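Below: one structure, written as structure tokens.
Where a number appears in this text, it was derived from the coordinates with a stated rule and is not lab data. Only a predicted model underlies this, so the values are computations on that prediction, with no experimental measurement involved. Ideal geometry is used to build each Cβ from the backbone, glycine not excepted, and the neighbour counts take in all protein chains shown.
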Amino acid sequence: MIKIGIVGGTGYTGVELLRLLAAHPDAELRAITSRKDAGTPVAEMFPSLRGRYDLAFTDPAGADLGSCDVVFFATPHGVAMAQARELVDAGVRVIDLAADFRLQDPAVFTQWYGLPHSCPDLLAEAVYGLPELNREAIRTARIVGNPGCYPTTMQLGYAPLLEAGVIDPGRLIADCKSGVSGAGRKAEVNLLFAEASDSFKAYGVKGHRHHPETVAQLARLTAQPIGLVFTPHLVPMIRGMHSTLYAELTRTDVDLQALYERRYANEPFVDVMPAGSAPDTRSVRASNMLRIAVHRPAGTDLAMVLAVEDNLVKGAAGQAIQNMNLMFGLPEATGLEALAVLP
Ligand SMILES: NC(=O)c1ccc[n+]([C@@H]2O[C@H](COP(=O)([O-])OP(=O)(O)OC[C@H]3O[C@@H](n4cnc5c(N)ncnc54)[C@H](OP(=O)(O)O)[C@@H]3O)[C@@H](O)[C@H]2O)c1
């Protein structure tokens, strides 16, 4: 059994880790933290988990994380990097769902997250945890920076085109939408039911933290500079993410459908839809699957990719467990094969 700790177990990605790990045959939860709800039994806060977990939340300062094999940080940025050195030195592997280990350049991290990186040496060895593009490095990593939700859709959406060298990497446009759980489980006026429901708006238009992360990772797939316009939107649904990605084709003789089917033929969590499809977010709700469709809009030299995922699963907790499976030599899909729930 893999002994597991979770820092930040009361948030949306934390409870999603709990839900998924409850169905994982090799997972044993040893420690789970919350500062505000220390002492509260997990099953009292989340009745959906009654009968699955006996533990109560503990304050992070007193949690026995050092005896775990792996610790997930389902916390805001800045938390994992403060504890990673001690854990790694104790032989504990770290998977951070926040951004502390996603951006390789500490100056770029500071520019976007507003604080200095407290362990640049560990940042240098950290591995970006997108299995479909980085599988071998993840297997042996001591620290994994789990990708952002939007960057997962953009990278898996653009990767086949960039790898095949059939688009202009300098002119990418990503029009992306997220459900409100993407903002976490906190009280903010713009997340109130009366504000977020029955309405639809863009945000982060001047710049979003997932932009530098995506550009840095896409740059690994091509020798040419990446130019990306990325516009996120908040849509009135709880879970789900839909990204519509555009790219200018530099070669128009390519069978895009065959390209995507070939690229993802052996990927357990990327489903290339039949030609002409438009995947919906509910087809991936609560599952670790990313569904993708590729189009060539009539009368253009554009490729258009539609990608959907559940932001809390393939966009966060499910991907983190996929990474854990790789790091501990388990079949990659272990505990992650549940289908989407419908309706
Ligand atoms: N929501 C998504 O769809 C999504 C997708 C991909 C990645 N992420 C990333 O995953 C991380 C968690 O997101 P979330 O949506 O689950 O957030 P959340 O719902 O706001 O939960 C945050 C959790 O972290 C704990 N926490 C906050 N500050 C802490 C600190 N200083 N030290 C220790 N624990 C602390 C909170 O509990 P206490 O305050 O009680 O300690 C809570 O359990 C974020 O970095 C987010 O950007 C989220």
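What do you get for trypsin sites (Lys or Arg not before Pro) in the range 1-68 restricted to DSSP loop and a cutoff of at most 14 other Cβ within 10 Å of the site's Cβ?
Details: sites: Lys3, Arg19, Arg30, Arg35, Lys36, Arg50, Arg52; in loops: Arg35, Lys36, Arg50, Arg52.
Here the trypsin sites (Lys or Arg not before Pro) that fit, given the DSSP loop and packing criteria, are Arg35, Lys36, Arg50.
If you build a Gaussian network model of the chain, linking Cα atoms that sit under 10 Å apart, which residue out of Ala61, Ala31, Ala298 swings the most? Ranking Ala61, Ala31, Ala298 by mean-square fluctuation puts Ala298 first.
Give me the Debye-computed log₁₀ of I(q)/I(0) at q = 0.10, 0.15 Å⁻¹ for the range 2-125, equal point scatterers on Cα only, no solvent, two decimals. Per q value, in the given order, log10 I(q)/I(0) is -0.31, -0.67.
Under the convention that each Lys and Arg Cβ holds +1 and each Asp and Glu Cβ holds -1, the size of the dipole of the range 2-125 around its Cα centre is about 340 debye. One Cα centroid belongs to the range 11-26, the other to the range 74-94; the line between them spans 19 Å. For the chain, the residue among His295, His210, Leu342 whose Cα projects farthest onto the positive side of the dipole built from Cβ charges is Leu342. Rounded to the nearest 20, the size of the Cβ-charge dipole of the chain about its Cα centre is 400 debye, with Lys and Arg at +1 and Asp and Glu at -1. Mind telling me which of Met45, Met289, Met154 comes out most flexible in a GNM of the chain, alpha-carbon contacts under 10 Å? Comparing Met45, Met289, Met154 in a Gaussian network model of the chain, the most mobile one is Met45. Largest GNM mean-square fluctuation among Gln155, Gln224, Gln322, using the chain with Cα springs under 10 Å: Gln224.
In the chain, the DSSP-assigned H stretches of four residues or longer account for a calculated mean residue ellipticity at 222 nm of -7500 deg cm²/dmol, using -39500 (n - 2.57) per stretch and the full residue count as denominator.
Filter the chymotrypsin sites (Phe, Trp or Tyr not before Pro) in the range 244-327 to those in DSSP coil with at most 16 other Cβ atoms within 10 Å of their Cβ, and list the result. Please list the in-between numbers first.
Numbers: sites: Tyr246, Tyr260, Tyr264, Phe269; in loops: Tyr264, Phe269.
In loop regions of the range 244-327 (DSSP not H, G, I, E or B), there are no sparsely surrounded chymotrypsin sites (Phe, Trp or Tyr not before Pro).
For the range 262-307, pairs of C-alpha atoms spaced more than 14 angstrom apart make up 52 percent of the total. Bin width 10 Å, origin at 0, all Cα-Cα pairs of the range 150-311: what percent of pairs per bin? Going from the shortest bin to the longest, the percentages are 11, 39, 35, 13, 2, 0. Ranking Gly240, Thr252, Ala194 by how far each Cα lies toward the positive end of the dipole of the chain (charges on Cβ) leaves Ala194 at the top. Counting Cα-Cα pairs of the chain in 10 Å increments starting at 0 gives whole-percent bin shares of 6, 26, 35, 24, 8, 1, 0.
Largest first, the extents of the alpha carbon coordinates of the range 54-107 on the three principal axes equal 40, 22, 16 Å.
Less than 5 angstrom separates the built amide H of Ile2 from those of Ala27, Glu28, all sequence-distant by 5 or more or on a different chain.
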